[in-house]
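The values are calculated or read from the model by the stated rules, or taken from the named source; none is laboratory data. Since the structure is predicted, the reported quantities are computational estimates derived from the model, not experimental observations. Every residue, glycine among them, receives a Cβ derived from its backbone with ideal geometry; neighbour counts consider all protein chains shown. Surface accessibility is based on the protein's heavy atoms, side chains included, excluding ligands, DNA and RNA. Shrake-Rupley method; radii C 1.70, N 1.55, O 1.52, S 1.80 Å.
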Amino acid sequence: VVMYTAGTTVGAALLALVLGATGRALHILLPAVAYQWMVGLFGVVALAFALKELNIVRLPSWQVGWQVPASWMQPSRTFGNTLYGIVLGTGIFTYIPFASFYLLLMWEMAAGAVSLEAAVLLGMIYGVARGVPAALGGMSILRGSYPLPVSDWLIEHLGWWHAVNGLLLLLIGGFLLGSFVF
């Protein structure tokens, strides 16, 4: 669990570094694009993703349905769990059910225009959060409980999680568009 969580954190931080550097390069190439236009774009995207999460509109999901191969666990479970965490931590190689993930990627790119450290920190926060369910499952096993009921409960309430995510995206989009200054 520790190596998986460390892997998700490293994977997310590496992707954030790449996105942040891309944001920095775009900012250098296009210095005339004001930051407030990015805020306005984020607001529009957040509202569009909110409508997707609330099943009001259909938007494509830009994701890969690839699964991490079980053979990665063969050399050693520590190596396999770390590699598994790195791949899942990036989030772009596997299925991501929530549209807010793509807003996070945009935010990392925009943060990189100002500070690569801020972009990487956003990635690390996501990576740690991605490892929390595994940590909770591990603690459940250490207490002698079977972790599947928690996982089943989360999956059974996936519609509610999408609704909460949609409402949060509505709030974020409204806040960003409300602060947009021409």
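Find the Rg to Rh ratio for segment 53-124, where Rh is the Kirkwood radius over alpha-carbon pairs and Rg uses the same atoms. Taking Rg over the Kirkwood Rh, I get 1.07. Just checking my list (1) 52, 18, 16; (2) 27, 19, 15; (3) 31, 22, 13 against semi-axes √(5λ) of the Cα gyration tensor in Å computed from this structure; which label fits? Label of the calculated value: (3). Compared with the dominant Cα axis of the chain, that is its longest principal axis, helix 77-90 is turned about 20°.
Computed from Cα atoms, the angle from the helix 116-142 axis to the main principal axis of the chain rounds to 30 degrees. Here the accessible area is traced with a 1.4 Å probe on the protein chains. For the chain, carbon and sulfur cover 75 percent of it.
Every Cα-Cα pair in segment 129-176 was counted, and those over 18 Å apart are 49% of them. As a length-normalised measure over Cα pairs under 8 Å and 6 or more apart, the relative contact order of segment 6-93 settles at 62 percent.
Residues considered: TRP153, TRP37, TRP107. Largest GNM mean-square fluctuation over the chain, using C-alpha springs under 10 Å, is found at TRP153.
The radius of gyration of the Cα set in segment 95-161, together with its Dmax, comes out at 15.6, 47 angstrom. Once both labels are positioned 7 Å from their Cα atoms along Cα-to-Cβ, the gap between ARG58 and TYR95 label points is 1.8 nm. With K and R counted +1 and D and E -1, the other residues having a Cβ less than 15 Å from that of GLY173 yield a net charge of 0.
Here the gap between MET139 and THR78, fully extended at 0.36 nm per residue and compared with their Cα-Cα distance, gives a gain of 20.2 nm.
Accessible area per residue for segment 39-122 is 54 Å², calculated with a 1.4 Å probe on protein heavy atoms, without ligands, DNA or RNA. The angle between the Cα long axis of helix 2-29 and the longest principal axis of the Cα atoms of the chain comes to about 20 degrees, rounded to the nearest 10.
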